[in-house]
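Asker: Got a structure for you, questions after.
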Amino acid sequence: MEGIRIAPQVGPYFVYSNRAVAAQIKDNKKEKVMPLITVLVILIVVGVLVWLVNTQIPMVAWMKTLINVLAVVFVCLWLLQIFGLWAGLGDIRVGPVR
């Protein structure tokens with residue numbers, strides 16, 4: 001693309017020489033909004049799956065307890081993240097950073 005130059009990174013900011021590029025990057029940084037009904041549906045689905053595992057799959061009691069605790073912890077962390085009360089999950093990386 002001719003006429004579009006991106007200056008080298010200086011600190012956390014980039015300098016853009018083309019307004020269209022700057023507007024496109026600004027649009028990409030908009031927050032993604034998840035409707036509340038979607039959150040409720042996901043919580044219901046997770047609850048039904050945990051209930052099915054607890055009632056339909058025979059396993060040792062400590063394993064059921066472990067599954068329940070893990071499900072509650074992950075759901076709580078997910079809820080904290082989507083409501084903006086905890087941004088720590090975005091920093092977790094698995095494997096080498098590229």
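Asker: Got at least one residue in the range 35-46 being modelled with pLDDT under 95, in a loop (DSSP other than H, G, I, E, B) and either out of contact with any Leu (no Cβ under 9 Å at 6 or more places or on another chain) or within 20 Å of Ile82 (Cα to Cα) (or both)?
Answerer: Checked the range 35-46: at least one residue is modelled with pLDDT under 95, in a loop (DSSP other than H, G, I, E, B) and either out of contact with any Leu (no Cβ under 9 Å at 6 or more places or on another chain) or within 20 Å of Ile82 (Cα to Cα) (or both).
Asker: I would also like to ask the following. When the range 35-69 is examined, which residues are found to be within 18 Å of the chain's Cα centre (by Cα) and surrounded by 11 or more Cβ atoms within 10 Å (Cβ to Cβ)?
Answerer: Answer for the range 35-69, where residues must be within 18 Å of the chain's Cα centre (by Cα) and surrounded by 11 or more Cβ atoms within 10 Å (Cβ to Cβ): Thr38, Val39, Val41, Ile42, Leu43, Val46.
Asker: Next up: Scan the range 64-98 for residues that are among the aromatic types (Phe, Trp, Tyr) and either modelled with pLDDT of 85 or more or not assigned by TED's automatic domain parsing to the domain that holds Trp51 (or both) and jot them down.
Answerer: Phe74, Trp78
The values are calculated or read from the model by the stated rules, or taken from the named source; none is laboratory data. For clarity, every value in this text was computed on a predicted model and none was experimentally measured. Backbone-built Cβ (ideal geometry, glycine too); neighbour counts: all protein chains shown.
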